Amino acid sequence: MIRILFLIATISLVSCASSPPPKLEYLASGQSCIEILNSGKSSKDGIYMIDPDGPGGIAPFKAYCDMTHEGGGWILYAHHADGVATLDKKELVNKSSFGVIENKKWNALRVNMKSGMMFIDENGLVSTLSLPKLNSGNCSSISSVSDLSAAGELGKGGSGGLWHNENNGCTITGGDYSIVQLRGKSYKNYKIAGSALYQQSALKFDKWPYSRDWSYEDQNTLLYFVK
Ligand SMILES: [Ca+2]
């Protein structure tokens, strides 16, 4: 009897030791989502390990990649909605909760951006804005936005957005502004919503799915991507 118990205990120990390694928490790794997609390592939407600034600099980190829309290879950096009061910094921004990516990751993504931005609303409508236009915002250019959680506060430098171009002044009046809005909450006097896009200045989005030149009447929620 003792021998049988010993045998069972031995078998349990052996089966424990030979159990498979834990499943990887990401699909593949690479410098960026587009690099991973182009390399043929994976083309599924999901979580990847990326290192936007390459060897050295910041450590590789997990990020959600959209590999299907607009050529794929898009990195999710923010998920926001109207009425959400805070822009919480998240270790991993995903589609199931609201937040923005941590600043050191955001800045590595921002300075290594090659193509521009993509936005997808809760209805699946897709907008895009190219990097040259993002760099040309005369009121708020992407080159100067180093803190996502403070990016959208009205009154800071007259800017109302993560990106802001305006034909005359930077006052968000006169209906001549284009904005990528990422604000802490709705601002009803200006109808500047928590997450919204505007293309009323001379700088227009490259892809624009809305019937009006502002999105807030058609969407409440946006996923924000860079490539
Ligand atoms: Ca690095």
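Taken over region 45-61, the residue count meeting the criterion of being without any contact (Cβ under 8 Å) to a residue 60 or more places away in the chain and in a loop (DSSP other than H, G, I, E, B) is 10.
Can you confirm whether region 101-115 contains a residue that is touching a strand residue (DSSP E or B) at 6+ places or on another chain (Cβ under 6 Å), away from the ligand (no atom under 16 Å from the Cβ) and in contact (Cβ under 8 Å) with a residue 40 or more places away in the chain? No; the residues of region 101-115 include none that is touching a strand residue (DSSP E or B) at 6+ places or on another chain (Cβ under 6 Å), away from the ligand (no atom under 16 Å from the Cβ) and in contact (Cβ under 8 Å) with a residue 40 or more places away in the chain.
Given the residues 18, 39, which is the only one that is at pLDDT 95 or above, over 29 Å from residue 121 (Cβ atoms) and away from the ligand (no atom under 16 Å from the Cβ)? Result of the check over 18, 39: 39. Among the residues of region 67-81, at least one is surrounded by fewer than 18 Cβ atoms within 10 Å (Cβ to Cβ) and modelled with pLDDT under 95. No other residue among 150, 193 is surrounded by fewer than 14 Cβ atoms within 10 Å (Cβ to Cβ) and at pLDDT below 80 apart from 150.
For residue 66, indicate whether it is touching an Asp or Glu at 6+ places or on another chain (Cβ under 6 Å) and closer than 23 Å to residue 182 by Cα. Considered against the rule, which asks whether it is touching an Asp or Glu at 6+ places or on another chain (Cβ under 6 Å) and closer than 23 Å to residue 182 by Cα, residue 66 comes out as yes.
Name the single residue, out of those in region 51-81 being under 14 Å from the mean Cα position of the chain (by Cα) and charged (D, E, K, R), that is farthest from the ligand (Cβ to nearest atom). Restricting to residues being under 14 Å from the mean Cα position of the chain (by Cα) and charged (D, E, K, R), the top hit is 66.
Does residue 95 meet the test of being among the basic types (Lys, Arg), surrounded by fewer than 22 Cβ atoms within 10 Å (Cβ to Cβ) and assigned to a loop (DSSP other than H, G, I, E, B)? So residue 95 fits the description; yes.
The values are calculated or read from the model by the stated rules, or taken from the named source; none is laboratory data. Here the structure is a predicted model, which means the values were calculated and not measured. For neighbour counting, all protein chains shown are included, and Cβ atoms are generated from backbone atoms with ideal geometry for every residue, glycine included.
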